[in-house]
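First comes the structure, then the notes that go with it.
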Amino acid sequence: MQITRAADYAVRVTIHLATLPPGIKAQRAELARLTDAPSSFLSKVLQRLVQTGLVSSSRGATGGFELAWGKKDLTVLDVVEAIEGRTQLNLCLSDGPTCDRKTWCPGHPVWREAQNALLQVLGGALITNLAKEALANQTLVLVSAVEGNGQPPEEGRPHLPKQPRKAGSRARKTR
């Protein structure tokens, strides 16, 4: 059993979007770069996040993606289920007559306990808390780079993203 790449990218995207100040939107290309996701594949993930109401999008020069308003209590479980559908480790765990062995099978309680544990962990992981951790990690990387005589972070360490433009702002030309 493994979470799909789509769900993994969706979690990465929502964490990044939760780090942005209100009114700041991220472009798809920026999200693809920051999440190490193929841009075309990430488009499908973002479309699903928008369809489920977790992320909002707008078009145009000031468009982009942001967490939907009021999603402060968004969990990893919410994001995974937006992409994957309802979490279910085994068919016997769904309601209704899905398995004739459900009432007497010794494996059923094990599956139920494992699913409950997974739901508890993913449901208890708030995207906002993970975003705070991501920002703290970025600060550590920046401090390490400065203390290391301005050397870039070592391979595999996160890089600080470019600050996205605030909605309605334009890049100014310099003469």
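Here, each number is a calculation from the coordinates, and none is a lab measurement. Just so it is clear, the model here is predicted, and its values are computed rather than measured. Every residue, glycine as well, gets a Cβ built from its backbone with ideal geometry; the counts of neighbours run over all protein chains shown.
The spread of Cα positions in segment 3-143, taken along each principal axis and listed from longest to shortest, comes to 59, 35, 28 Å.
Which entries of Lys44/Lys72; Lys25/Lys71; Lys72/Lys132 have Cα-Cα distances beyond 19 Å here? Beyond 19 Å between Cα atoms: Lys44/Lys72.
Taking only the C-alpha atoms of segment 9-58, Rg followed by Dmax gives 9.9, 26 Å. Each other residue within a Cβ distance under 14 Å of Ala37 adds +1 if Lys or Arg and -1 if Asp or Glu, for a net charge of +3. What the pair-distance distribution of segment 1-85 shows, using all Cα-Cα distances binned every 10 Å from zero, is 18, 58, 22, 2, 0 percent.
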